[in-house]
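Below is one structure, written out as structure tokens; the observations come after it.
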């Protein structure tokens, strides 16, 4: 038994303990048990995946064979290890956060159920990336759907939660069916094991490839939150209980992406440009719609849920770009695109978990998540505000935090479409790049709104003015995640080589690290491919500064082009962070010591135009802040019902102007409503047949018989 | 759009050359009553004729308190009026109060060519406010002298108050003054802001802002013409010498006419 | 006497037999008085407003024994109708008419606030003229017993007062603007309720510049009241002093010399021209078209200087006295001024031509701040604002004074009711004023500029004037020795501020300053 087997057994053992223990201990001790077991299991998971990811160790185990069907197999390659490692990074703080927030439900809902489902899900999350045959994968996938349903519907007494849970379950099942169909096609060789599926990849024709791609893409897209199958996501995220949302957002969404990459990048790699274009377009549009709806939300949790859709869209678009580059035989650029995608996936998991933790903390302290009722929390909850700000800066892609690196890489990869031959594809790239750039801009608006309206200004409710500070169980995971946001932001040159192992098999080239992170720090640089003049130029710019303190490749991310155009793009967030810090310090010093040496700063109340009292209800609300976006994109939002009830006394006196804005989500309008309308129409047709005359039923029977005979005759 | 550029250029320069030279265009200013030597009987008649007690009887004739004069012209019109009415250089009439000598209310050299002004209407009739607005028109163009209107007290160095200070404007005016950074000065413009004018003291009007805010410069008139206000601003900035607001008949050189 | 006035009288007599005591005033101030029981008040007022299509001029409350309430109406053909009611002794309640005549809304609120009368059925009483965060309820300064000459010391204001909000929509908030806002602007506070882009409700809170003019005029000599009238609104000083003069002259049956009447028309039209040029300058400035704003400001300053050299005062203060003018104007000077005014009018025409071809300017005005004719009528809008919406009422035509019936002029009218219609109307009225000036300057007869002696006598009378902003009423009651007992001022801005929300609501924030400028409202005239 190797170390890895041992680690896996430890993880599963801890999960098993998490399932069994709650049945034995007192209910009020469950949070503690959940926290400690969760942390231990997460650490074990990080070790397991870390060994594989950093040590390039793989692992393969056949468990048992089900006769005439399949051999259940577990396997750990670096792609699985990457996803597992990210899951570990989320589950570690997530478990602490869950343990701290769970006691609020004591006495109202069964904590035992939560704990059992939580660890069952933990085990499933670990096993899905490990499973290496379609049968175990599908069984685990199905189990995961049910467990997520149980956890989302934890507060089952609220009808909207139950509704959201059912919707999620229904769409999830539909997704599973699509995935199962994809595997059935893939299993044409007779074996359900991934390894053998991969082996017969060349035997598939164009149509089968398309079928597998579409089935897998949209089947997994359900979990990943891609249009048009993501309408369950905002509702489910909003309904999910506080202790569970961070894990839901940080870990389960990634599994959808994992499925897409595993099937379309690994098992049956995309060979033509078409599927890549589909992924690129769907991803870009998903991102835009996600951020549009996020910007206009007033519930912080729903806002973050829509923003998850946005991020899933960006990642998918980067995957799409990667697929296209692979299919067009540009593996080096494809590797950049995949690096961007994986990087963004990891980033999203981390900052989204951070943001959901901060939102959960606000929710538990204030009792509401509505931005229009928050405000001024930076005074009462300074720590939470700071962590939320880090998360908001990261997700809005501002340096020196992690979101910047991956979004910058994504857009840079898109710009490389100039290398492609087909003009049509270039145009699609240009449009999608513009959409993603717009998305990035809107994301800034969205999170300026989220942070400013919730944490700055005046408190819009009594409870916001007296909100208690975050507890340790919330502050520690947030701090951990915030530090990760910063580290991933300033040290991309240390992250990209780690990602490289996962990229290599799907990009068919293991050179991503060399292409993106040249070894400026290494002394024997001339053994590499870098031309001496090129290195000298960069040394003049100071690219080697720091080499004596930090071992590694260097601190500059760049993409090398041809001799005529030696540098396609270059950037160093590490140096940028240092410069930013120096500038801030310098500005402070100059101001303090020179400009304001003998001046004191007086604090006065806000200038209010001279009215008696400035009230919180006179300050901008989140809805008001985002209303320009709503107005500009009215074609998308298309508010369906604007009721304008003017109660009047006499003809012109007004008692109230009441407006309710009914908004039908664009997907509901274009996808769900036509389907449900059609279903109802068909059902009505059938209902009309059931009007109860005996003769009619006899006629139906006769008709059916005749039809059957006719079909049989023709066949 | 080019038509506007051409129109603007063809209009030429309209701005007055004041304060470099004195402005003499007709209709600039309503003028001011002059403290005049006259017999005590005449003086008494003039004093009763004045509705706001701007004229005060004195040994030599009639003293004039410019803070109170509302330009009703009752002392100037008619055949039986010995009062003189000044029309030359009459707009250079802004005076200073003892407040303006406070060291911490002085503007330093940084303010010599840039002063931002917050205008607060504390309840006037609209004429003073309109004359303040005229300072921005091409004839007076106060930007050329480094005066700028600002909508917020946060940027304001100088508070220009017009109006008699109504009950309802006490709080806004106080808040505006308090919100201004130091050093700050107050210029009260118009008879109403100086003495209450025709509105006087009542249940609504405080009879001027002097008791409520530390006024530095007083600009008399009802309304003071734009150049008088400009003179007041220059006095506040220390770029013009102040004038006297209380004028005595005994200082008057002219014999009764 | 207009024949329609007799018809009003007959019909009132027939409809409310025994309940209404009609009577007629002859002469210049031809008016029909309908004295009725308090209970009949809403029905009669509604009949005049809705069926006879009269405009509501104003409500005049007089405290006496008994209380007298006078509702003044005027019709296009029928002239003045006063509905008068007396309250029973000890009773201080009146049925509200504002549910039927919305134009009376603010009049009733003001009377409730200042006199402490109760208007039964009015849904919005309370904080209006007297701000509740400065005064407690129950202070009634217009009552005879209230000493208006000294500050009120015992105050228990409601410091928790906050503006009423009526918009109920997720994320709605009330954006506070003012009372100290913008650069050099009269004090007014706007509560703009919105969810971000459009102003859903625009509620002005006025009376920051309330100086209690009606109260402080009481007990003073009538000619001091004239100084107060000039300072209702400095930019319409001549019109308001003219209104008071005509009230007093009508009451005391003073014959105003022919020359003075003509000169008054000359000056009144001159003031209207200047007012409209200032309004045009304001509109140009609000749209950010700097050159046009500067051009209009140049014209305004030129007109102010012409005033200054013609009368000695840039705002025509001190010109009107009872029985004529305070000083004579030299004919040659008048003609020279008329020539200058004609030049200004020509420049104004050039400016209008240029503005009408500046599409970026028109985009900001066209279809912005629309007021329909029916709303204009219901809200009792007056003056250029009403005429831009197609409601053509002009006191110079409805009830001519000062010899306006001998002057030929046109009352311009537009129908769109948007910002551009108001701008065009200001231009057209300014042109008409310039034409009137150049016409009558040739016709000013020689003679006295003032009646030598004006004997003031007790009684009450209505003076009216079409001020630059619209119809203004001045009700003056004199006691023995020419002492003012009651002075009621109904100003055009009071009516038009009431209707301002019609234009401002449901437009984007960036249109708000333009709509405000296009209304050319005077805060001071409203607040008094």
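Every number in this text was worked out from the coordinates using simple rules, so none of it is lab data. All figures in this text were calculated on a predicted structure; none of them were measured in a lab. We place every Cβ from the backbone using ideal geometry, glycine too, and count neighbours over all the protein chains shown.
With the convex hull built on the Cα atoms of segment A:49-165, state its orientation-averaged projected area in nm². Please list the in-between numbers first.
Numbers: hull surface 35.3 nm².
Computed as one quarter of the Cα hull surface, the answer is 8.8 nm².
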query: Between residue B:110 and residue C:453, what is the label-to-label distance in nm when each label sits 7 Å out along the Cα-to-Cβ direction?
result: 6.9 nm
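For C:189-198, what's the mean count of beta carbons from other chains sitting within 10 Å of each residue's beta carbon?
Working: counts 6, 1, 2, 1, 2, 5, 8, 12, 7, 2.
Partner-chain Cβ atoms within 10 Å, mean over residues of C:189-198: 5.
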- request: For segment A:427-581, just the Cα atoms, rotate onto the principal axes and tell me the three extents in Å, largest first.
  value: 66, 45, 34
- line: Output field shielding_mean for B:128-140 (other chain Cβ, 10 Å radius) holds 6
message: Give me Rg/Rg_expected for segment A:138-198, where Rg uses Cα atoms only and Rg_expected = 2.2 N^0.38 Å with N residues.
response: 1.46
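Using the reciprocal of the averaged 1/r over all distinct C-alpha pairs, how large is the Kirkwood radius of segment C:3-120 in Å? Don't skip to the end; give the middle numbers.
Working: mean 1/r = 0.0700 Å⁻¹.
Hydrodynamic radius (Kirkwood, Cα pairs) of segment C:3-120 is 14.3 Å.
Just tell me how shielded B:143-152 is by partners: mean number of partner chain Cβ atoms within 10 Å of each residue's Cβ, no decimals. Walk me through the numbers before you get to the answer.
Working: counts 0, 0, 0, 0, 0, 1, 4, 1, 7, 6.
Per residue, the number of nearby Cβ atoms from other chains is 2 on average.
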query: Which angle between 0 and 90 degrees, to the nearest 10, do you get for helix B:167-179 versus the longest principal axis of chain B when only C-alpha atoms count?
result: 50 degrees
- prompt: Between the helical axis of B:226-236 and the dominant principal axis of chain B, each derived from Cα atoms, what acute angle in degrees is found, rounded to the nearest 10?
  reply: 80 degrees
statement: Using alpha carbon centers only, segment C:144-209 is separated from segment C:364-382 by a whole-angstrom value of 23 Å
- prompt: Using only the Cα atoms of chain A, what do you get for the radius of gyration and for Dmax, in Å?
  reply: 27.6, 103
Alpha carbon convex hull of segment A:285-327, volume per residue in cubic angstrom: 37 Å³
- prompt: Hey, how many Å between the Cα centroid of segment C:249-301 and the Cα centroid of segment B:3-38?
  reply: 20 Å
message: Could you tell me how many cubic angstrom of Cα convex hull volume segment A:616-663 has per residue?
response: 106 Å³
- request: Just need log10 I(q)/I(0) for segment A:558-626 at q = 0.17, 0.23 Å⁻¹, Debye formula, equal scatterers on the alpha-carbon atoms, no solvent, rounded to two decimals.
  value: -0.87, -0.97
- line: Rg (one decimal) and Dmax (whole number) from the Cα set of segment C:416-490, in Å, equal 18.5, 51
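Kindly give Rg over Rh for segment C:434-528, based on alpha-carbon atoms, with the Kirkwood expression for the hydrodynamic radius.
1.14
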message: As I understand it, the value is the acute angle between the Cα axis of helix B:2-11 and the longest principal axis of the Cα atoms of chain B; what does it come to in degrees, rounded to 10?
response: 30 degrees
- line: Rounded to whole angstrom, the alpha-carbon centroid of segment A:245-306 lies from that of segment C:63-118 at a distance of 69 Å
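For the ranges A:332-343, B:209-220, C:250-261, C:471-482, what's the packing order if you count other beta-carbon atoms within 10 Å of each residue, average per peptide, and put the highest first? Before the final figure, lay out the partial values.
Values: A:332-343: 28.5, B:209-220: 23.4, C:250-261: 18.3, C:471-482: 21.7.
Highest mean packing first, the order is A:332-343, B:209-220, C:471-482, C:250-261.
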task: Could you check which residue among B:197, B:238, B:208 shows the biggest mean-square fluctuation in a GNM of chain B with a 10 Å Cα cutoff?
output: B:238
- line: Computed on Cα atoms, the radius of gyration and Dmax of the protein assembly as shown in angstrom are 41.3, 137
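Counting DSSP beta bridges in the protein assembly as shown, what percent are antiparallel, to the nearest 5?
The antiparallel proportion sits near 75 percent.
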field: Distance (nanometres) between label positions extended 7 Å along Cα→Cβ at residue C:255 and residue A:54
entry: 11.4 nm
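For segment A:668-714, what is the Kirkwood estimate of the hydrodynamic radius, computed as the reciprocal of the mean inverse distance between distinct Cα atoms, to one decimal in Å?
Numbers: mean 1/r = 0.0771 Å⁻¹.
Result for segment A:668-714 stands at 13.0 Å.
Relative contact order for segment C:3-120 using alpha-carbon pairs under 8 Å, separation at least 6, rounded to a whole percent? Write down the numbers at each step before the final one.
Details: 203 pairs, mean separation 27.0, N = 118.
So the answer I get is 23 percent.
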statement: Here D for segment A:183-311, in µm²/s, from Stokes-Einstein with a Kirkwood Rh over Cα pairs at 20 °C and 1.002 mPa s, works out to 136 µm²/s
query: So, in nm, how far is label residue C:350 from label residue B:251 when the simple model puts each one 7 Å beyond its Cα toward the Cβ?
result: 4.6 nm
- request: Calculate I(q)/I(0) for segment B:95-236 by the Debye formula, one identical point scatterer on each C-alpha and no solvent, and give its log10 at q = 0.10, 0.14 Å⁻¹ to two decimals.
  value: -0.28, -0.57
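Grab the alpha carbons of chain C, take their convex hull, and tell me the volume per residue in Å³. Show your work: numbers first, answer last.
Working: hull volume 75.6 nm³, N = 528.
Dividing the Cα hull volume of chain C by its residue count gives 143 Å³.
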